[in-house]
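A.B. asks: Here's a structure for you.
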């Protein structure tokens, strides 16, 4: 149901700039979804909750997300996803950092 494509460098820089601005807002709210329907039939070690708990055992998931989102750079960009089910939603930029 998804379309993946590669955004150009200027689009990625613009996305990171918007993300950086959002992270500086005092009223920013990040909500970590602990129980996701997609994880129901998935081995626990392949869930976001497990990954965060393993990599950052002593930190709050929300604080980890804020901190790690601030570290994203153009070099971490992988691809962009357009969800066909929700065409009016913003495209999702996918980044990866190796730990």
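Any read-out appearing in this document is the output of simple, stated calculations on the displayed coordinates, not a laboratory observation. All values reported here derive from a predicted model rather than from experimental measurement. Cβ placement follows ideal geometry from the backbone for every residue including glycine, while neighbour counts extend to all protein chains displayed.
A.B. asks: Can you put 3, 40 in order, fewest other beta carbons within 10 Å first? Mind showing how you got there, number by number?
C.D. replies: Numbers: 3 10, 40 7.
Ordered by Cβ neighbours within 10 Å, fewest first: 40, 3.
A.B. asks: So if we plug the beta-carbon distance of residue 7 and residue 41 into 1/(1 + (r/R0)^6) with R0 = 22 Å, what FRET efficiency do we get, rounded to 0.05? Mind dumping the intermediate values first?
C.D. replies: Values: r = 32 Å, r/R0 = 1.44.
After rounding, the FRET efficiency stands at 0.10.
A.B. asks: May I ask you to derive the FRET efficiency for residue 91 and residue 34 from their Cβ-Cβ distance with R0 = 30 Å, giving the value to the nearest 0.05?
C.D. replies: Working: r = 26 Å, r/R0 = 0.85.
With a Förster radius of 30 Å, E is 0.70.
A.B. asks: Could you give the Stokes-Einstein D for the chain in µm² per second, using the C-alpha Kirkwood radius, 37 °C, 0.692 mPa s?
C.D. replies: Numbers: Rh = 15.3 Å.
Reported coefficient: 214 µm²/s.
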